[in-house]
1. Between residue 72 and residue 2, how high is the FRET efficiency from 1/(1 + (r/R0)^6) when r is the Cβ-Cβ distance and R₀ = 35 Å? Nearest 0.05.
2. Determine the per residue accessible area of segment 1-72 with all protein chains present and a 1.4 angstrom probe, expressed in square angstrom.
3. Taking a ≥ b ≥ c as the square roots of the eigenvalues of the Cα gyration tensor of segment 1-59, is the shape rounded (a/c under 1.5), prolate (a/b larger than b/c) or oblate?
4. If each residue of separation counts as 0.36 nm, what is the full-extension length gain between residue 10 and residue 28 once their alpha-carbon separation is subtracted?
5. How would you rank 38-46, 24-32, highest first, on the average number of other Cβ atoms within 10 Å across their residues?
Amino acid sequence: MTIRSKIPAVSVVVLALALSGCANMTNQQQRALSGGAMGAAGGAAIAAMAGGGLVTGALIGAGGGAAIGALLPDGWNNHKSSQNTASK
């Protein structure tokens with residue numbers, strides 16, 4: 001059995017362990033984690049398109065995404081609800 005044939009099985013196990021660790025996180029911690037993951041993916045994609053270093057792009061994106069996710073308030077959403085505008 002070669003190493004390449006073991007990669008999918010190892011990936012599934014690592015992903016399952018990583019997701020099981022998210023069960024007892026606060027909303028702020030979950031936002032920071034998901035923001036970091038999305039930022040890393042976006043940063044790597046932009047770096048790939050721009051011809052830069054993938055790791056550097058992923059690290060910069062992860063840092064920015066985690067910071068934004070952690071700093072957002074708990075009740076934040078990207079649109080105004082009718083409750084917020086009715087009281088004005």
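The values are calculated or read from the model by the stated rules, or taken from the named source; none is laboratory data. Everything numeric in this text was worked out from a predicted model, so none of it was measured. A quick note on method: Cβ atoms are made from the backbone with ideal geometry, for glycine too, and the neighbour counts reach across all protein chains shown. Protein only, heavy atoms only, side chains kept; ligands, DNA and RNA dropped before computing areas. Shrake-Rupley method; radii C 1.70, N 1.55, O 1.52, S 1.80 Å.
1. The computed FRET efficiency comes out at 0.20.
2. Accessible surface, normalised per residue, equals 71 Å².
3. oblate
4. Answer, rounded to one decimal: 3.6 nm.
5. Those peptides, ordered most packed to least, come out 38-46, 24-32.
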